[in-house]
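The values are calculated or read from the model by the stated rules, or taken from the named source; none is laboratory data. What you see is a predicted model; the values in this text were computed from it and never measured. We place every Cβ from the backbone using ideal geometry, glycine too, and count neighbours over all the protein chains shown.
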Amino acid sequence: MNEAASHIPPGAQLLGREWLGFDESGRSLIRFQAQPAFTNRHGTIQGGFLAAMLDSATGICALAALSSGLTVVTSSLDTRFLKPAAVGPITARARIVEQTDREIVVQADLVDASGITVADATARLRVLAKR
């Protein structure tokens, strides 16, 4: 899956999303760039930005498993914030845990530059035909 800059949605561009491919266990790897503008009053990345990264990563993971005529929309995103996240690169590791013709369930975690898992999520995505 190759994302040309012109095909990355504006929200994903804001998050600095970059598709890295798959790791040895088949997980999708997606890197984000957490910006200083994403910080809260504590100087760490605000949870909404982390949730947006998880939403983006789970969607991209699901899309990588589908034919080009199909797409997905998130119907639920159960997110846990585990540790404070700092400004800088954050890598999502996502994998499909369940798939039918109508729904895909993806689990993902976000890992900071030090290798610490800062958040994770389980997403349920509805499979739709592209318009």
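Among the residues of the stretch 121-131, is there at least one that is surrounded by fewer than 20 Cβ atoms within 10 Å (Cβ to Cβ), modelled with pLDDT under 95 and more than 18 Å from Arg17 (Cβ to Cβ)? Yes, some residue in the stretch 121-131 is surrounded by fewer than 20 Cβ atoms within 10 Å (Cβ to Cβ), modelled with pLDDT under 95 and more than 18 Å from Arg17 (Cβ to Cβ). In the set (1) buried (at least 17 other Cβ atoms within 10 Å of the Cβ); (2) among the hydrophobic types (A, V, I, L, M, F, W, C); (3) closer than 24 Å to Lys83 by Cα, the condition left unmet by Ala62 is number (3). The C-beta contact set for the stretch 108-123 (first residue in contact (Cβ under 8 Å) with a residue 60 or more places away in the chain, second residue assigned to a loop (DSSP other than H, G, I, E, B) and surrounded by 20 or more Cβ atoms within 10 Å (Cβ to Cβ), distance under 6 angstrom, 6+ apart or interchain) comprises Val118/Ala85.
Here is a yes/no grid of residues against (1) of a type in the set (A, V, I, L, M, F, W, C); (2) under 19 Å from Ala113 (Cβ atoms); (3) surrounded by fewer than 16 Cβ atoms within 10 Å (Cβ to Cβ); (4) in contact with a Leu (Cβ under 7 Å, 6 or more places away or on another chain):
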{"residue": "Gln33", "(1), (2), (3), (4)": "no, yes, yes, no"}
{"residue": "Gly43", "(1), (2), (3), (4)": "no, yes, yes, no"}
{"residue": "Ala57", "(1), (2), (3), (4)": "yes, yes, no, no"}
{"residue": "Ser68", "(1), (2), (3), (4)": "no, no, yes, no"}
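In the stretch 53-72 there is no residue that is free of Cβ contacts under 8 Å to residues at least 60 places away in the same chain and of a type in the set (Asp, Glu). Got a number for residues in the stretch 92-110 being surrounded by fewer than 19 Cβ atoms within 10 Å (Cβ to Cβ) and assigned to a strand (DSSP E or B)? Within the stretch 92-110, residues that are surrounded by fewer than 19 Cβ atoms within 10 Å (Cβ to Cβ) and assigned to a strand (DSSP E or B) number 7. Tell me whether the stretch 71-79 contains one or more residues that are within 20 Å of His7 (Cα to Cα), among the hydrophobic types (A, V, I, L, M, F, W, C) and buried (at least 16 other Cβ atoms within 10 Å of the Cβ). The answer is yes; a qualifying residue exists. Under the condition of being farther than 20 Å from Ala85 by Cβ and either modelled with pLDDT of 95 or more or in contact with a helix residue (DSSP H, G or I) (Cβ under 7 Å, 6 or more places away or on another chain) (or both), the residues counted in the stretch 6-45 number 1. Scanning the stretch 80-91 for residues that are surrounded by fewer than 16 Cβ atoms within 10 Å (Cβ to Cβ) and either on the phi > 0 side of the Ramachandran plot or not in a loop (DSSP other than H, G, I, E, B) (or both) returns Arg80, Gly88, Pro89. With respect to Gly26, is the statement that it is at positive phi and in a strand (DSSP E or B) true? When the stated conditions are applied, Gly26 does not pass them. Would you check if there is a residue in the stretch 112-119 being assigned to a strand (DSSP E or B) and over 14 Å from the mean Cα position of the chain (by Cα)? Looking through the stretch 112-119, none of the residues is assigned to a strand (DSSP E or B) and over 14 Å from the mean Cα position of the chain (by Cα).
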